[in-house]
Amino acid sequence: MTYVVTEPCIKCKYTDCVAVCPVEAFKEAKNFLIIDPEICVDCDLCVPECPVDAIFSEDNVPEKWAHFKALNEKLSQELPTISEQKDPPADADQWKGVEPKEQHLDPTPPDA
């Protein structure tokens, strides 16, 4: 089992989860994080650190976000690793709790 980042992360991109990951399993897009399922060791440390409750074990991803399992897997092959906590976007708090927001997902690397 691995962990999956879902829609609540979009445009929030808090990196508290990155700071506690012991294996550098997080990858970074412009406005979203994902977890590489090949690297994740299922330690569960990231889940309570996420301020927007965007991280779920793959067996517990809410049905409305089930497609994020495939998205995490696909993007894990394309995005760079993020290994240190960064400041969230300036407007991150404004996006907390906003649904739906998948249309705002920018899957390009942060420096692209």
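Observations on the structure shown:
- Taken over segment 1-44, the residue count meeting the criterion of being at negative phi and either in a helix (DSSP H, G or I) or touching a Phe, Trp or Tyr at 6+ places or on another chain (Cβ under 6 Å) (or both) is 15.
- The set of residues in segment 77-112 that are within 14 Å of Ile35 (Cα to Cα) and either touching a His at 6+ places or on another chain (Cβ under 6 Å) or small (Gly, Ala, Ser) (or both) contains only Ser83.
- Summed over segment 88-105, the residues that are of a type outside the set (Gly, Ala, Ser), over 16 Å from Thr6 (Cβ atoms) and in a loop (DSSP other than H, G, I, E, B) give a count of 3.
Matching residues to (1) of a type outside the set (D, E, K, R); (2) over 13 Å from Tyr3 (Cβ atoms):
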{"position": "Asp16", "(1), (2)": "no, yes"}
{"position": "Val52", "(1), (2)": "yes, yes"}
{"position": "Phe56", "(1), (2)": "yes, no"}
{"position": "Lys64", "(1), (2)": "no, yes"}
{"position": "Lys86", "(1), (2)": "no, yes"}
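- Test for Tyr14: is it more than 15 Å from Lys69 (Cα to Cα) and crowded, with 16+ Cβ neighbours inside 10 Å: yes
- Number of positions in segment 6-52 that are in contact with a helix residue (DSSP H, G or I) (Cβ under 6 Å, 6 or more places away or on another chain) and not polar (S, T, N, Q): 20
- Residue in segment 76-84 that is under 18 Å from Met1 (Cα atoms) and surrounded by 14 or more Cβ atoms within 10 Å (Cβ to Cβ) present: yes
All of the numbers you see were taken from the coordinates with simple rules; none came from a lab. Bear in mind that the values here come from a model prediction, so they are computed numbers and not experimental data. A quick note on method: Cβ atoms are made from the backbone with ideal geometry, for glycine too, and the neighbour counts reach across all protein chains shown.
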